[in-house]
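Read through the structure below, which is laid out as structure tokens, and then see the notes.
The values are calculated or read from the model by the stated rules, or taken from the named source; none is laboratory data. This one's a predicted model, so the numbers in the text were calculated from it and none came from an experiment. So basically every Cβ, Gly included, is an ideal-geometry build from the backbone, and we count neighbours across all protein chains shown. Please note that ligands, DNA and RNA were not included when accessible areas were found on the heavy atoms of the full protein model with its side chains. Shrake-Rupley method; radii C 1.70, N 1.55, O 1.52, S 1.80 Å.
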Amino acid sequence: MTNSTNKQINKSASKNILITGGAGFIGSHVIRLFVEKYSNYHIYNLDKLTYAGNLENLNDVASNKNYTFLKGDITDETYINSIFNKYKFDAVIHLAAESHVDRSITNPLEFVKTNVIGTMVLLNAFKNLWKNNFKNKLFYHVSTDEVYGSLGETGLFTETTSYDPNSPYSASKASSDHFVRAYGETYKMPYVISNCSNNYGANQFPEKLIPLFINNILHNKSLPVYGDGKYTRDWLYVIDHAIAIDLVFHKGKNSETYNIGGFNEWQNIVLIKLLCDKMDEKLEKPIGTSQKLITFIKDRPGHDLRYAIDASKINKELGWTPSVTFEEGLTKTIDWYLDNNKWLNNIVSGNYKKYYERMYDVQ
Ligand code: NAD
Ligand code: TYD
């Protein structure tokens, strides 16, 4: 299907691309890939720098000529309209979101504001700018497999699985996906959506399972396992997600959805024990030391039993396949956190928040 008529975006033309949420975990990897690979693109990274945004993630590309950081909130209509009018973004890759399920349980409204209203503000700005001619324009919405709800012991999420979100996070992402599709149908706005499984890798905020547990092991703190630990997630190395986003952006068909995942399911407790043993090995402690930190705690309300992605469409149509095995990806991830202890400590101490003031000379 990848004939030229299906391509949304011509790689050789110069263009202005807005990437939202680029100071976050996945966004920073996408920004790096695009800034380094496409010197003919100017990449604008729009980020509010919430607790999850960390410009230290982008130290290495911050001074590139084809990169500009814009500090702003996607829910701020006036600001968003002003930057669309100023920079005339040819395409948007939208990652900015509130992304942590546990926070969505304690503060659901914040998720509706950012994930739903923020997406709407971007959609409106993009539609209003190009409505007279959408040729070679694209709105790429980055979403999650959690919109499909929970699987039982068997089965996989395909692109046609019905939406059935269970957490305020997944409900807000599902809602934003629907609005993107609705803009495609109603205003003929070109779009693609991808729904990816759980990511892991460098620069992930240590509130999500893998970096939280690495950090806790380093500080000899307990490892809080929700419920009986028999929940299953499908893990993908973040760089493989960024590579998939590049492919979908350039070769994905208009108005299509692509599921992204590594066919890599792990029950939480099995993954946690593997992580503990790998950490013991790296820290030269007797195997079994870190496992002693495992503590079963009260379950997360509405905890989805199992996520698992059928990634055959992106594999068959765009030729994407993960570049690393889970064993390799997990080892690279652990090595990164051990080598970047300062990054972790800056987050734990809150020092990372001062980076923007230092870099951008603001009070
Ligand atoms: P993250 O929480 O690490 O980063 C989110 C970024 O968005 C941060 O830099 C934050 O400052 C920014 N942001 C938040 N609210 C904003 C606002 N109102 N205006 C501007 N910027 C704002 O998230 P992540 O894990 O990198 O996820 C990125 C995207 O990928 C999200 O849309 C998420 O739903 C999706 N996704 C994540 C995963 C995963 O496993 N992490 C899997 C599939 C899909
Ligand atoms: P998480 O990284 O929060 O991702 P998501 O909820 O989006 O899948 O959690 C991954 C799994 O690990 C999930 O089943 C919840 C579980 N978990 C724990 O058992 N303890 C924890 O402290 C965290 C953060 C997650």
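Of the strands (runs of 3 or more DSSP E) lying entirely inside the stretch 157-249, those containing at least 1 residues that are near ligand 1 (Cβ under 10 Å from one of its atoms) and not aromatic (Phe, Trp, Tyr) span 191-196, 198-200, 232-237. From the list ILE26, ILE93, ILE31, ILE74, the lone residue that is within 16 Å of ligand 2 (Cβ to nearest atom) and either open to solvent by less than 30 Å² (accessible area, probe 1.4 Å) or at pLDDT 95 or above (or both) is ILE26.
When the stretch 243-283 is filtered for residues that are among the polar types (S, T, N, Q) and either farther than 17 Å from ILE214 by Cβ or modelled with pLDDT under 95 (or both), the ones remaining, listed by number, are ASN254, SER255, THR257, ASN259, ASN264, GLN267. PHE213 fulfils the conditions (1) open to solvent by 10 Å² or more (accessible area, probe 1.4 Å); (2) within 11 Å of ligand 2 (Cβ to nearest atom); (3) under 19 Å from TYR200 (Cβ atoms) except for a single criterion, (1). Scan the stretch 140-148 and give yes if some residue there is away from ligand 2 (no atom under 16 Å from the Cβ), surrounded by 17 or more Cβ atoms within 10 Å (Cβ to Cβ) and within 24 Å of ASN254 (Cα to Cα), otherwise no. Yes; the residues of the stretch 140-148 include at least one that is away from ligand 2 (no atom under 16 Å from the Cβ), surrounded by 17 or more Cβ atoms within 10 Å (Cβ to Cβ) and within 24 Å of ASN254 (Cα to Cα).
In summary, ASP234 fulfils each of the numbered conditions (1) closer than 26 Å to GLY27 by Cβ; (2) away from ligand 2 (no atom under 14 Å from the Cβ) with the single exception of condition (2). The residues of the stretch 265-288 that are closer than 19 Å to THR154 by Cβ and exposed (fewer than 14 other Cβ atoms within 10 Å of the Cβ) amount to a single one, VAL270.
Quick grid of which residues meet (1) within 18 Å of ILE245 (Cα to Cα); (2) of a type outside the set (Ser, Thr, Tyr):
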site: LYS15; (1), (2): yes, yes
site: ARG32; (1), (2): yes, yes
site: LEU49; (1), (2): no, yes
site: LEU70; (1), (2): no, yes
site: THR75; (1), (2): no, no
site: THR78; (1), (2): no, no
site: LYS88; (1), (2): no, yes
